[in-house]
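First up is the structure itself, then whatever we jot down about it.
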Amino acid sequence: MSKARILDPSESYTFSKYAELAYDSADILAEFGVILNNTSLQLPQQLPIDPEPLRIELQENLTLVDPVSEIARRETLIFPILKTICKFIQVPLKKASAK
C-alpha cells in the first residue's frame, strides 16, 4: 500500500506554507526524497571570524524593526547572518533554482 501524498503537485508552496502543514518535518522532506538526520555539530573552539560586528548589527536591527512577520525576521535577523557566512566562505548568496 502506498503512502498518501502530503504535497499537492498542482499547488505552489512558500516557506511559511510548509511550516503551516500539519505534518512532521521529516515526512515533508521525504516528499522530496530527503532524509532528515539530527546529528551533533562540531564547531571549532575558536571562532574563525569576529562575531562582534554581526552581534552589533543584529542588536541595531532589533531596535529598529519588530520582527513579527516572516519578511521582517528574514530581513532583520536571517539576512545579516547569511551575509556574514557568505563573506567568510567567499561564496555569493544565490536563489535556489526551481527544478
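Dimensions of the chain based on its C-alpha atoms, expressed as ranges along the principal axes with the largest first, amount to 54, 32, 24 Å. Taken as Cα centroids, segment 49-90 and segment 1-37 sit 28 Å apart, rounded to the nearest whole angstrom. Distance between the 7 Å Cα→Cβ label points at GLN90 and LEU21: 3.8 nm.
Rounded to the nearest 0.05, what FRET efficiency do LEU54 and ILE6 give with R0 = 41 Å and r taken as the Cβ-Cβ distance? Could you check?
Details: r = 36 Å, r/R0 = 0.88.
In this case the efficiency is close to 0.70.
Can you tell me how much longer the chain between ASN38 and VAL65 gets when fully stretched, taken as 0.36 nm per residue apart minus their C-alpha distance, in nm with one decimal? Intermediate values should be presented prior to the final figure.
Working: separation 27, 0.36 × 27 = 9.72 nm, distance 3.24 nm.
Length gained between ASN38 and VAL65: 6.5 nm.
Computed per residue of the chain from DSSP H runs no shorter than four, each worth -39500 (n - 2.57), the mean residue ellipticity at 222 nm is -11000 deg cm²/dmol.
Rule-based calculations on the coordinates, nothing more; no lab input. This one's a predicted model, so the numbers in the text were calculated from it and none came from an experiment. A quick note on method: Cβ atoms are made from the backbone with ideal geometry, for glycine too, and the neighbour counts reach across all protein chains shown.
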